[in-house]
Every structure is written in C-alpha cells, then in structure tokens.
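K.L.:
First the structure, then my questions, so here it is.
The values are calculated or read from the model by the stated rules, or taken from the named source; none is laboratory data. All of these numbers come straight from a predicted model, not from anything done at the bench. Positions of Cβ are backbone-derived with ideal geometry, glycine not excepted, and every protein chain shown enters the neighbour counts.
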Protein chains: 2
Amino acid sequence: MNLPIGELARRTGVKVPTIRFYEQIGLIAAPPRTEGNQRRYGKTEIDRLNFIRHARELGFEVDHIRELLAMSQEPQASCHQADSIAQSHLLEVDRRIEKLKRLRGELARMIDECGHGRICDCRIIEVLADHGHCAADHVA
Amino acid sequence: MNLPIGELARRTGVKVPTIRFYEQIGLIAAPPRTEGNQRRYGKTEIDRLNFIRHARELGFEVDHIRELLAMSQEPQASCHQADSIAQSHLLEVDRRIEKLKRLRGELARMIDECGHGRICDCRIIEVLADHGHCAADHVA
DNA sequence: GCTAGAATCTCTAGCCACTAGAGGATCAAG
DNA sequence: CTTGATCCTCTAGTGGCTAGAGATTCTAGC
C-alpha cells in the first residue's frame, strides 16, 4: 500500500480530481503526504471510495452517503436508519421511472406522428407548442 | 395584452426569475418596458414560453430547445432536424429508464435482504461496500 | 393626492457534483 | 541528469435555475 492518488483512482474507478474534491468536502479524510507533498493512500481509502462510488452509482446523494458512512462505522448500531434512507431512495427511483415512462410515451407518439414533411405540419413542433395535444398529463 | 412578468408567469407556469433568466441566456427576446422600466409581454411570449416549458418538461436541453425554436420560425423548412433531435432524445430517455430499472432492482434486493438488525449484519451497508454483492452489473 | 402593500427591478451568490485548465513541482525509469 | 508521467494548488465553468438584498414602481382604496 501507500498508493499515489492516480493508483487509487485506477483501483476504485473514481477520477483523480473527484477524489480531491471528496477530500475537500470532507467525504474522505485528508491522507498523509510524502515529503514532496503528494497524497499517499492505504486500504481504508480504497474501501471507503468503493463504498462512495457504489452508492453514487445507485443514485444516493452525497449527504445520504455521509450518513451511511457514519453508520457503517458503528457496527453495533441499529440499521433502521440505513434502511429508511434506502427505502426513501427506492421510492424516489420509482417516481423517476414512472415520470420517464410517461415522458417516453409522449415523445414516441410525437415522433411517430411526425410526417417528416415541412415544419408547418410537424407534430413535434406542434405538440411542443401546445400542451393540449398531449395524451397523458405528464405534468404530475 | 401587455402583461407584466408576474402575469406571464401565472399564465405559462414558468416562474418569474426563470423568465428573466431565459431572457438573459437569449432563449426569449428582451420585451419592451414601461416608463418605469418594467417588462411588458404579449401573446408571442406566452406561446414561446409554453413551448419552452413543455419541451423542458419532456427533458429537452436548453440548446436543443433553442434549435427547435429556430426551426419553428421557418415553417417551410424540412422537419428532419426536429425529428432527429426528438429521436435522439427518445434514445436517451430509454437509456435512462433502463439504468433506473436495473438500479431499482439492486436497491430493492438490498433492502429486502436487510434483516433490520445491527449495522454489522446490514446488507445495505454491506452491498454498498462491495460491488461484488451485486446481482446485475449496473455499471453499464 | 396620498399611502400602503404588492409586484417589479438589478445584482450577486448559491445549489449539486463535479470537470477543466493554468502553471508549477515531484517522482520513477533509464 | 533528463524525460515524461504524475502530482500539486488554485480558479473558474457546467446546467438550469433559485434565493435574497435593497431599491423602485405600480395599483387600489381613501
């Protein structure tokens, strides 16, 4: 161990500037430095960054990740809070999927009806110009 | 007509600061002003803002909206370009839906397996810590 | 005409989670 | 000892707004 930042980046899939950014916002601790002022990391940071990257990929916000990280440091605590963070995130994801599906339908219909002719007959332009053309009420 | 900005906002569902912002980035034209320097709008702006709002709700980026608006001003032009903007946006929406669905599965499984006990046995923390626990490869 | 309160004005700064780039220092290999 | 990759700090930019300060203007009632 004693990895330079680039190696840590390679091993975790988190980009170098992003690692420095995470240090800046206190998501990871400031690591020790070489005499020449370069950061050196150990196993702990690999784990922590993997956790962070994974949670980010699942769409958790940085503040939630902060909470989850704090929890994971206290193995004896109840996981009720972690559960509720994940639950409410799942609900949010469901909402996003629903919204996108409705939107998708609207887009597909709009494109489908476009006669590929002139703008003056184009359903894409027309639908965008007038909400009344929408089948679904996509503004939830 | 000759609507103040608040009335335009009410009629289009676009917030007052957002209207001013759109003017600033050149998405809508600077309207005439009263002697006291207040903006006054007409029918044109209602239509244009409705178009913009609608396109934003469908997730089009401002730059794409700019192009679509420019096209809509030329009724004799071919709508091929509008079609291709909408097509590629549809593809993007499809990609987002797919990604969210995979993610949703991962989240649901993670929550499901959480025994609601202590952090040391919590699957939520565990799964986040180790990508290897994932069933699906959600990093596309 | 006067006053009160709602609406408007401009301007700057903040949000999120990064990303890009300048300009310089340091490290590892040959 | 040189080369070139990597590293450093710092500032500024991204998108699409949103918030707030502090000043002005408009409108309705008296």
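K.L.:
Tell me which residues, restricted to the stretch B:67-83, are within 18 Å of the chain's Cα centre (by Cα) and more than 7 Å from every other protein chain (Cβ to nearest Cβ).
P.N.:
Hits for the stretch B:67-83 are B:67, B:69.
K.L.:
When you go through (1) in a helix (DSSP H, G or I); (2) more than 10 Å from DNA strand C (Cβ to nearest atom); (3) over 21 Å from residue B:121 (Cα atoms) one by one for residue A:85, which number turns out not to apply?
P.N.:
With respect to (1) in a helix (DSSP H, G or I); (2) more than 10 Å from DNA strand C (Cβ to nearest atom); (3) over 21 Å from residue B:121 (Cα atoms), residue A:85 is out only on (3).
K.L.:
May I ask you to list the residues in the stretch A:7-57 that are β-branched (Val, Ile, Thr), surrounded by 14 or more Cβ atoms within 10 Å (Cβ to Cβ) and in contact (Cβ under 8 Å) with a residue 12 or more places away in the chain?
P.N.:
Those that are β-branched (Val, Ile, Thr), surrounded by 14 or more Cβ atoms within 10 Å (Cβ to Cβ) and in contact (Cβ under 8 Å) with a residue 12 or more places away in the chain: A:12, A:14, A:19, A:28, A:46, A:52.
K.L.:
If you scan the stretch B:6-42, which residues turn out to be farther than 20 Å from residue B:69 by Cβ and of a type in the set (A, V, I, L, M, F, W, C)?
P.N.:
B:16
K.L.:
Now for a separate question. Could you tell me whether residue B:96 is of a type in the set (D, E, K, R), assigned to a helix (DSSP H, G or I), farther than 24 Å from residue A:98 by Cβ and within 13 Å of chain A (Cβ to nearest Cβ)?
P.N.:
Against the criterion (of a type in the set (D, E, K, R), assigned to a helix (DSSP H, G or I), farther than 24 Å from residue A:98 by Cβ and within 13 Å of chain A (Cβ to nearest Cβ)), residue B:96 does not qualify.
K.L.:
For residue A:62, state whether it is away from chain B (no Cβ under 11 Å), within 13 Å of DNA strand C (Cβ to nearest atom) and modelled with pLDDT of 95 or more.
P.N.:
No, not satisfied.
K.L.:
On to the next question. So in the stretch B:1-49, with the set limited to residues that are within 14 Å of chain A (Cβ to nearest Cβ) and more than 13 Å from DNA strand D (Cβ to nearest atom), which one is farthest from residue B:72 (Cα to Cα)?
P.N.:
It comes out as B:11.
K.L.:
Among (1) at pLDDT 80 or above; (2) at the interface with chain A (Cβ under 7 Å from one of its Cβ atoms), which single condition is residue B:119 missing?
P.N.:
Answer for residue B:119: the failing condition is (1).
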